[in-house]
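Down below is the structure, laid out as structure tokens.
The values are calculated or read from the model by the stated rules, or taken from the named source; none is laboratory data. It should be emphasised that the depicted structure is a prediction, and the values quoted were computed from it without experimental measurement. Virtual Cβ from ideal backbone geometry, glycine too; neighbours counted across all protein chains shown.
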Amino acid sequence: MEGALAAMGRSIADGGDGIDGDRLFHRAVVHAAHNDLLTRLFDDLGEVIDRTSQVSLTLPGRAPESLRAHEQVLTAIRDRDEGEAAEAMRRHVAASAESVVGARAR
């Protein structure tokens with residue numbers, strides 16, 4: 001997860017959207033959950049998740065915001081705070097969805 005966030009941060013610092021690091025981070029979180037159902041859902045929804053991330057992360061200011069959200073998720077995971085990790089991920093997914101819906105409404 002740390003490597004994924006480092007890659008995302010480098011991409012953003014270089015003017016990119018961080019999509020590759022984003023993808024790696026989400027995959028690492030799913031893998032760390034050791035949940036077969038979550039893994040299957042993530043695999044089945046991979047294309048939709050990628051498209052959502054591509055739209056969201058290319059909006060002005062969203063990539064650094066997403067990176068900060070990922071850092072909050074990682075902090076909660078490191079602290080072994082399952083409730084906060086779930087809540088941080090819920091906030092992140094909701095913010096990403098809102099940004100995509102807003103972008104499509106324009």
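For segment 54-75, a residue qualifies if it is surrounded by fewer than 19 Cβ atoms within 10 Å (Cβ to Cβ), within 16 Å of residue 102 (Cβ to Cβ) and at pLDDT 95 or above, and exactly one does: 65.
Here is the figure for segment 78-102: residues that are surrounded by 12 or more Cβ atoms within 10 Å (Cβ to Cβ), closer than 21 Å to residue 20 by Cα, out of contact with any Ser or Thr (no Cβ under 6 Å at 6 or more places or on another chain) and of a type outside the set (D, E, K, R) total 6.
Quick one: would you say residue 73 is touching a His at 6+ places or on another chain (Cβ under 7 Å) and of a type in the set (Val, Ile, Thr)? For residue 73, the condition - touching a His at 6+ places or on another chain (Cβ under 7 Å) and of a type in the set (Val, Ile, Thr) - is met.
Let me confirm something: among 78, 51, which residue is of a type in the set (D, E, K, R), modelled with pLDDT of 95 or more and out of contact with any strand residue (DSSP E or B) (no Cβ under 6 Å at 6 or more places or on another chain)? Outline the logic, then answer.
On the way: 51 fails: modelled with pLDDT of 95 or more.
Unique residue meeting the criteria: 78.
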